[in-house]
2 protein chains.
Amino acid sequence: MIALRIPFAELYETLAGALRALGFSAVRADLCARLFAETTCDGVYTHGLNRFPRFLRMIEAARIDIHAVPELVRSHGALERWDGRCGPGNLNAWHSMQRAIVLAHTHGLGAVALANTTHWMRGGSYGWQAAGAGCIGICWTNTLPNLPAWGSTEPRLGNNPLIFAVPCATGHVVLDMAMSQFSYGALAACRERGELLPVDGGFDAAGRLTRDPAAIEASQRPLPIGYWKGSGLSLVLDMVAAMLSGGLATHQIPQDPERETGISQFFLALDPSVLGPESNAIAGRIVASLDTRYPGRRTLELRAENLELGVPVEPGVWEQVRTIANSRR
Amino acid sequence: MIALRIPFAELYETLAGALRALGFSAVRADLCARLFAETTCDGVYTHGLNRFPRFLRMIEAARIDIHAVPELVRSHGALERWDGRCGPGNLNAWHSMQRAIVLAHTHGLGAVALANTTHWMRGGSYGWQAAGAGCIGICWTNTLPNLPAWGSTEPRLGNNPLIFAVPCATGHVVLDMAMSQFSYGALAACRERGELLPVDGGFDAAGRLTRDPAAIEASQRPLPIGYWKGSGLSLVLDMVAAMLSGGLATHQIPQDPERETGISQFFLALDPSVLGPESNAIAGRIVASLDTRYPGRRTLELRAENLELGVPVEPGVWEQVRTIANSRR
C-alpha cells in the first residue's frame with residue numbers, strides 16, 4: 001500500500017526548496033513547507049503533500065498570490081479582522097492563529113476573523129499550533145458549497161471543518177472534524193478498497209440513506225453529521241466567519257475547488273494559564289478517566305511511526321516536487 | 001394532545017409568584033420565572049414548566065441554593081472565572097452570558113467560565129439572550145455522565161449541549177444541540193407515540209444500531225451525533241468548561257439527575273458591530289440564500305403561536321405551581 005517512505009527532514013527540505021524555486025521567500029517557504037510536511041507526517045495524507053499539485057496549479061493560475069501577507073483591516077480590543085489578500089492559505093491561517101494566541105496571552109482570549117483567504121489545507125494544524133502554545137484553540141473555515149442542507153438536495157452549505165484543540169501534558173486533544181460524516185476523499189478511498197462505509201454516509205440517487213460510497217459520490221449528497229444538527233452547525237459556522245471577517249459566505253464562493261478563493265475563517269485562542277495553573281491537572285484527569293481513545297491520539301501515534309520509518313509519499317507527487325526543487329539548483 | 005393553554009402573562013406571573021413563595025427575591029423570581037415561561041412558550045416543553053417539579057425537589061433537598069449569586073473568582077482581560085455557588089442554574093447562566101456580553105462590548109469578545117452551578121434548563125435561552133443584545137453567543141455546559149464514548153458501552157461522557165446564536169434582523173439563528181442524536185426526553189416521547197425514530201438513535205442491548213426508542217432507553221446507549229465525531233466534541237466541550245472554570249468535569253459529577261450539581265459551563269460573546277455595520281447585511285444574505293428552514297425558525301413560529309393561542313401546559317404541573325403561588329396570598 002505504501003510505495004515509498006521518505007525521511008521527514010528530506011520531505012520538508014525538498015518542499016521548502018520547491019517553494020523557493022517558485023519564488024517564496026526563504027522564511028515563508030520554510031513555514032509553508034513545514035505545514036505541508038507535518039500534515040503528511042501526521043497521517044492526514046489527503047491534505048498534505050497530495051494537495052501540493054493543486055496548490056501549484058492555483059499559484060500558476062494566479063489564484064493564490066505567494067507574496068501576499070495578511071493585512072489588519074480593523075481591530076477592537078481582543079477581536080481583529082484581517083484580509084488574507086488571497087495569499088497561501090496555510091500561511092494566512094498560521095499567522096491568524098498566532099495573532100489570536102498573542103491576543104489571548106494579553107487579554108485571556110483573542111480572536112482573528114480572516115477574509116479573502118485560500119484553502120488552509122489541514123485545519124488541525126492550527127489547533128496543534130494553539131495547543132503547543134498552551135492555548136485552547138478553536139477555529140473553522142467556510143468552503144465552497146458542497147453539502148446539501150438537511151431536507152434539501154442541492155449543496156448550498158459548506159463542509160466547514162471545525163477544530164477544537166485542548167492542551168494536555170500527556171498529548172494534546174485535537175478534534176478536527178468536517179460537517180459531513182465522510183469527506184469526498186474518504187468516500188473515494190473506501191470505494192477504491194471495494195468496501196462499504198461503516199455507517200450511512202449519504203443519500204443515493206433515489207434519496208435513500210446508503211453505505212455505498214460510489215452512490216454518494218454520484219448523488220453529491222453526503223450526510224451532515226447528526227443529520228439536521230450538522231446542517232445547522234455548518235450554517236452558523238459560515239455565518240460567524242463571514243460576518244466577523246466581512247468576507248464571503250459559502251453561497252458566494254465558486255463551486256469549483258480549483259477556484260475556491262476568497263474564503264472566510266475564524267480563529268479563537270483562550271489561555272487557561274492566565275486564570276491559574278490548575279487547568280493542566282484537570283485536563284490530565286479527564287483524559288485519564290476515558291475508557292476509549294480520544295481525538296489526537298492516533299495523530300501522535302502516526303507521527304511517531306512516520307518519523308521513525310519515514311513519511312509515506314505518493315511517488316508521482318513526490319517526483320513532481322523534487323523536480324521543481326531541483327530546477328533552481 | 002394539548003390539554004390546557006394558558007396566557008403567557010398568567011404562566012409567567014404564576015411562576016414568579018411560586019418562586020416568591022419559595023423565598024426568591026422579587027427581582028430574581030421575575031427573571032427565573034421568565035426563563036422558565038419563555039422556554040415553554042418557545043416550544044421546548046421538556047426544559048420549561050415541566051422541569052419545575054425537579055427544580056423544586058432540588059431546592060427542597062438543599063441542592064440548589066435559591067439565594068446564592070455567582071461570585072467572581074479570577075479575571076484576566078476579557079476572560080473571567082465565576083463560582084456559581086450552586087445557585088439556580090438559569091439565573092447563574094443568564095448572569096454569565098450577560099457578563100460575557102458586557103465584556104464583548106468592551107473588548108470585542110468576552111468569555112465567562114462558570115464552575116459549581118446547577119442545571120441551566122434550556123441552553124438556547126442564553127443564545128437568544130446574546131443575539132438579542134446584538135452579539136454572537138456560543139455557550140455549552142457539561143452534564144452528568146450519560147453518553148458512552150464511541151467504542152465504549154459505559155457512559156463516561158456527557159450529553160453536553162452546544163449553543164451557537166447569530167443575530168439576524170429577519171430572525172436570530174439559534175442552534176441548540178445536544179451531543180446525542182436524540183435526548184432521553186425525545187426517546188420517551190417517540191416510544192409513547194408508538195413510533196420508530198426517523199434515523200438510528202442508538203444501540204440495542206445486543207449492540208446493534210436501532211431506531212427503536214425503547215431499546216435505546218433500555219441499553220442506555222444513545223448515539224452521539226456523527227458517531228465518533230460527536231463523541232470527540234462532547235469530550236472537548238467538557239475539557240474546556242472544566243479547565244477554564246476550574247470546576248468539575250463530567251467524570252466527577254454524580255450520575256443521578258436529582259443530584260446533578262457542581263457542573264461547569266462556558267459562555268462566549270462576540271460583538272460584530274465593533275468591526276462595522278456590514279455583518280447585519282451578511283447575515284441576512286446568508287439566510288436568504290437557504291432553500292431550507294434554519295435553526296431558530298421553528299422556535300419563532302411556536303413562540304408566535306403560543307403567544308396567540310396560549311402556552312400549552314401539563315395540567316398536573318400547572319396545578320402544582322398554582323398551589324405554591326397561592327400559598328402565600
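Each value in this text was obtained by applying a stated rule to the coordinates, not by laboratory testing. As the structure is a computational prediction, the values presented were derived from the model and not from experiment. Methodologically, a virtual Cβ is constructed for each residue, glycine included, from the backbone with ideal geometry; neighbour enumeration extends over all protein chains shown.
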Gyration tensor verdict on the stretch A:45-94 (Cα atoms; rounded if a/c is under 1.5, prolate if a/b is larger than b/c, oblate otherwise): oblate
Size of electric dipole in chain B: Cβ of Lys, Arg +1 and of Asp, Glu -1, about Cα centre, debye, nearest 20: 280 debye
Binned Cα-Cα distances of chain B, short to long, each 20 Å bin given as a whole percent: 30, 61, 9
Linear extension gain, B:Ala188 paired with B:Glu258, 0.36 nm per residue minus alpha-carbon span: 23.4 nm
Copy-to-copy label separations for A:Pro198, where each label sits 7 Å from Cα toward Cβ, in nm and ascending: 2.6
Selection from A:Gly226, A:Leu196, B:Gly232 lying farthest towards where the dipole of the protein assembly as shown points positive, charges on Cβ: B:Gly232
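Could you work out the Kirkwood radius for the protein assembly as shown, taking every pair of different alpha carbons, averaging 1/r and inverting it, reported in Å?
Working: mean 1/r = 0.0392 Å⁻¹.
Roughly 25.5 Å, rounded to one decimal.
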Distance between modelled label sites at B:Gln320 and A:Glu308, nm, 7 Å Cα→Cβ extension: 5.9 nm
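Just add up the charged neighbours of B:Pro148: K/R +1, D/E -1, any other residue whose Cβ is under 11 Å from the Cβ of B:Pro148. Display every interim value, and only then the final one.
Details: positive: B:Arg156, B:Arg221; negative: A:Asp291, B:Glu154.
After counting each charged neighbour, the total is 0.
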Student exercise, the stretch A:1-106 dipole from Lys, Arg, Asp, Glu Cβ charges, in Debye to nearest 20: 220 debye
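Suppose we keep just the DSSP beta bridges with both residues in the protein assembly as shown; what percent of those would be antiparallel, to 5? Provide the component values of the computation, followed by the final result.
Numbers: 74 of 84 bridges.
The antiparallel fraction comes to roughly 90 percent.
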Simple label model, 7 Å out from Cα along Cβ direction - B:Ala169 to B:Arg54, nm: 4.1 nm
Nearest-first distances (nm) between copies at A:Ala304, label 7 Å from Cα via Cβ: 5.8
Stokes-Einstein D for the stretch B:131-252, Kirkwood Rh over Cα pairs, 20 °C, 1.002 mPa s (µm²/s): 140 µm²/s
Distances in nm from A:Gly284 to the matching label points in the other copies, shortest first (labels 7 Å along Cα to Cβ): 5.4
Alpha-carbon gyration tensor eigenvalues x 5, square-rooted, for the stretch B:90-141, Å: 18, 12, 8
Distance between modelled label sites at B:Thr153 and A:Glu154, nm, 7 Å Cα→Cβ extension: 4.8 nm
Square roots of 5 times each gyration tensor eigenvalue, C-alpha, the stretch A:181-223, largest first, Å: 14, 9, 9
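Beta carbons within 10 angstrom, averaged per residue: use that to sort the peptides B:195-207, B:85-97, highest first.
Details: B:195-207: 16.1, B:85-97: 24.3.
Answer by packing, highest mean first, reads B:85-97, B:195-207.
Work out, step by step, the length gained on full extension between A:Glu301 and A:Thr106: first 0.36 nm times the residue separation, then minus their alpha carbon distance; give nm to one decimal. All intermediate terms of the calculation are to be shown ahead of the outcome.
On the way: separation 195, 0.36 × 195 = 70.20 nm, distance 3.38 nm.
Extra length from A:Glu301 to A:Thr106 when fully extended: 66.8 nm.
Calculate, for A:Ser75 and B:Leu209, the FRET efficiency according to 1/(1 + (r/R0)^6) with r their C-beta to C-beta distance and R0 51 Å; round to the nearest 0.05. Write out the running numbers ahead of the final one.
Values: r = 48 Å, r/R0 = 0.95.
Using R0 = 51 Å, I get an efficiency of 0.60.
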